[in-house]
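Asks: Okay, handing you the structure first.
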Amino acid sequence: MTTGVESWEAGGAETVFDRPLPVWLTVLEVAVGLELLLHNSLFYGSPLGLGFTLAAIATAALIAFSGPLTGTEPSTTTKLFAGGMVLFGLFVTFRASPVLTTLNVMTVLALLFGAAFLYSTGRLWDLRLMDYPRAGLITATQALAQTGDFLRIDVRNAGLMPTRGWHRIRPYVRGTAIAIGPVAVFLTLFASADAVFATLVADVFGVDLRLNVLIWSLVLITGFSWLLIGLLRYGTSSRGMEDLERPSGLRLGTTEATTVLALVNGLFLSFVVVQFAYLFGGADVIERTGGLTRAEYAREGFFQLVAVAGFVLALVLILDWWTRPAGSPAARAAGWLQASLVGLTGIVLISALVRMRLYVAEFGLTQLRFYALALMIWIGGLLVWSLVTVLPGRRALFGSGAFLSLLVLVATLNVVNPDATIARVNVDRYVNGGATIDLDYLVHNLSADAAPVLQSNAAVLPPLDLPDAGSSPVQDWRNYNLSRSRATR
């Protein structure tokens, strides 16, 4: 809560939290919980699971219900982002795929930083596309700097002023703080003297009593606390949108933009004419014209065409940002050429989709092909979204739609379960189509998400040697994952 109280020592900077002690104590509790929940993964390389889910829920709860603590009620957008953190945190417990786990963790972090940036304002639709990376960088920088201001300004300005009822609990807090050192020393010594006691403490509390681990745990707790206080203070300061100064930059004339688009359209049109012959002419046309088999044709082009679609999207956005045309005949011509280019790119994406279908028919489905296909569909959706927003002049809506569509993409991947889908497609090709099957790839390159599919089809497949999906350096409830649990049954 901004009180307007200024610190003489801080050069006139304003206090944000006039009751910093409750903020610090609450954040410290959450930070200790995060370290305990993530302990096995941080120190022993154990896979993420239920511990990360609970850590995401705890952090989301801190953000969503921090109004009484900070004096500023979080915006609706921030609360929705906190709910998203819970959803994607839950996916970590349900899906074992390393790719999905990485996407889910990155999404949780992105939502956390977005919740801090929009804590007070909540104006998601005011953010343009390039505002998102800039907002992330600003929030990360402020998360590190604001805790320093919290200690330098808020704590100092509070002057250790007692909060309500603080005089009653202060002796207990002070005694607890003094006791932490002796208790840690005695606990370590007792654990070193008695292996049974050490095992009991480790099993009950999940604490490794080795001195170097305890030191690093304290470092991590300090780091988590520092980050969370910084995010809360930055969000409460209500400066998020004001920090995004958009430079006007250089401008390109509409004639130049029209020339660029006309030349690119001509190239795309010639490529599309060739693609029509391939798309509707069949394998004979491919082999006669290009000297390639269907498999070679598919392999040669899919990933390049996905990259082409991505570059087209970037070109449309850059030219629109660079020219910002308004109403002239040349501007209208540029708009029509942009729409034409998006339409031609749609045909290119259809060609890429046909190539992928041929590729899968010949060689089966892999993770690379699956995720490239998902990326292609997402880019295609963004191209359509650009027609709805960028070309009619509602460019500011494009960035928020793109961000939300990315969240939908990651959530959809979790629901579809890529590794299980890959296994199902390849098993179906082998059982019903008589194609060859690369069991070594399915068993050793896919995660435990694919195990139920392989186990249910074990009778019609060659002998399977499934790895132990539950093995890890340290295994307890914090690493629990539904897919890995099912794979070990």
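Asks: Can you find a residue in region 38-49 that is aromatic (Phe, Trp, Tyr) and modelled with pLDDT of 90 or more? Explain how you work it out, then say what you get.
Replies: First, pick out the residues of region 38-49 that are aromatic (Phe, Trp, Tyr): 43-44.
Then keep just the ones that are modelled with pLDDT of 90 or more; that gives none.
No - not one qualifying residue is present in region 38-49.
Asks: Six or more apart or on different chains, Cβ atoms under 6 Å: show the pairs whose first residue is in region 475-489 and of a type in the set (Val, Ile, Thr) and whose second is surrounded by 15 or more Cβ atoms within 10 Å (Cβ to Cβ).
Replies: Cβ pairs passing all conditions: Thr488/Ala469; Thr488/Gly470.
Asks: Can we say Ala96 is part of a helix (DSSP H, G or I) and either modelled with pLDDT under 95 or of a type outside the set (Asp, Glu) (or both)?
Replies: Numbers: part of a helix (DSSP H, G or I): no; either modelled with pLDDT under 95 or of a type outside the set (Asp, Glu) (or both): yes.
The answer is no for Ala96.
Asks: Does any residue in region 423-438 that is exposed (fewer than 13 other Cβ atoms within 10 Å of the Cβ) come within less than 7 Å, Cβ to Cβ, of a residue that is aromatic (Phe, Trp, Tyr) six or more places away or on a different chain, and which pairs are these?
Replies: Close Cβ pairs (under 7 Å, with a partner that is aromatic (Phe, Trp, Tyr)) do not exist here.
Asks: Sticking with this structure for a sec: For the structure I just gave you, tell me whether Ala420 is under 18 Å from the mean Cα position of the chain (by Cα) and modelled with pLDDT of 90 or more. So that I can check it myself, show each step before the final result.
Replies: Details: under 18 Å from the mean Cα position of the chain (by Cα): no; modelled with pLDDT of 90 or more: yes.
Criteria not met by Ala420.
Asks: Look at Ala110 and say whether it is within 18 Å of the chain's Cα centre (by Cα), among the small types (Gly, Ala, Ser), surrounded by fewer than 23 Cβ atoms within 10 Å (Cβ to Cβ) and at pLDDT below 90.
Replies: Values: within 18 Å of the chain's Cα centre (by Cα): yes; among the small types (Gly, Ala, Ser): yes; surrounded by fewer than 23 Cβ atoms within 10 Å (Cβ to Cβ): yes; at pLDDT below 90: no.
No, not satisfied.
Asks: If you don't mind, another one. Pick from region 244-267 the residues that are in a loop (DSSP other than H, G, I, E, B), surrounded by 10 or more Cβ atoms within 10 Å (Cβ to Cβ) and within 34 Å of the chain's Cα centre (by Cα): which of them is modelled with the lowest pLDDT? Spell out the reasoning first.
Replies: Quick first cut of region 244-267, residues in a loop (DSSP other than H, G, I, E, B) only: 244-253.
Okay, now just the ones that are also surrounded by 10 or more Cβ atoms within 10 Å (Cβ to Cβ), so 244, 251-253.
Now drop any that are not within 34 Å of the chain's Cα centre (by Cα), which leaves 244, 251.
Numbers: Leu244: 64, Arg251: 59.
The residue in question is Arg251.
Asks: State all residues of region 446-460 that are buried (at least 17 other Cβ atoms within 10 Å of the Cβ) and in a loop (DSSP other than H, G, I, E, B); if no residue qualifies, say none.
Replies: Result: Leu446, Ser447.
Asks: Going through region 152-177 one residue at a time, which ones are surrounded by 14 or more Cβ atoms within 10 Å (Cβ to Cβ), at pLDDT 65 or above and under 18 Å from Leu28 (Cβ atoms)? Let's see the steps before the verdict.
Replies: In the first step, residues of region 152-177 are kept if they are surrounded by 14 or more Cβ atoms within 10 Å (Cβ to Cβ); the result is 152-158, 163, 166, 170.
Of the ones still in play, those that are also at pLDDT 65 or above are 152-158.
Result: Asp154, Val155, Ala158.
Asks: Search region 389-400 for residues that are surrounded by fewer than 17 Cβ atoms within 10 Å (Cβ to Cβ) and pair each with any residue that is in a loop (DSSP other than H, G, I, E, B) and at pLDDT below 85 when their beta-carbon atoms are under 7 Å apart and the residues are at least 6 apart or on different chains.
Replies: Listed by first residue and then by second, the contacts come to Ala396/Arg128.
Asks: Which one is surrounded by the fewest Cβ atoms within 10 Å (Cβ to Cβ), of the residues in region 72-89 that are among the polar types (S, T, N, Q) and in a helix (DSSP H, G or I)?
Replies: Restricting attention to region 72-89, the residues satisfying the condition of being among the polar types (S, T, N, Q) are 72, 75-78.
Still in the list and also in a helix (DSSP H, G or I): 76-78.
Numbers: Thr76: 11, Thr77: 18, Thr78: 25.
Here the residue is Thr76.
Asks: Could you check, for region 194-217, whether at least one of its residues is assigned to a helix (DSSP H, G or I), closer than 29 Å to Pro68 by Cβ and modelled with pLDDT of 80 or more?
Replies: Applying the first criterion (assigned to a helix (DSSP H, G or I)) to region 194-217 yields 195-205, 211-217.
Right, trim to closer than 29 Å to Pro68 by Cβ and you get none.
Scanning region 194-217, I find no residue that is assigned to a helix (DSSP H, G or I), closer than 29 Å to Pro68 by Cβ and modelled with pLDDT of 80 or more, so the answer is no.
Asks: So which of Leu69, Leu54 ends up being surrounded by fewer than 22 Cβ atoms within 10 Å (Cβ to Cβ), in a helix (DSSP H, G or I), modelled with pLDDT of 95 or more and out of contact with any Asp or Glu (no Cβ under 9 Å at 6 or more places or on another chain)? Walk me through how you get there before you give the answer.
Replies: Values: Leu69 fails: modelled with pLDDT of 95 or more.
Going through Leu69, Leu54 in turn, just one is surrounded by fewer than 22 Cβ atoms within 10 Å (Cβ to Cβ), in a helix (DSSP H, G or I), modelled with pLDDT of 95 or more and out of contact with any Asp or Glu (no Cβ under 9 Å at 6 or more places or on another chain): Leu54.
The values are calculated or read from the model by the stated rules, or taken from the named source; none is laboratory data. Since this is a predicted model, take the numbers as computed values, not measurements. Every residue, glycine as well, gets a Cβ built from its backbone with ideal geometry; the counts of neighbours run over all protein chains shown.
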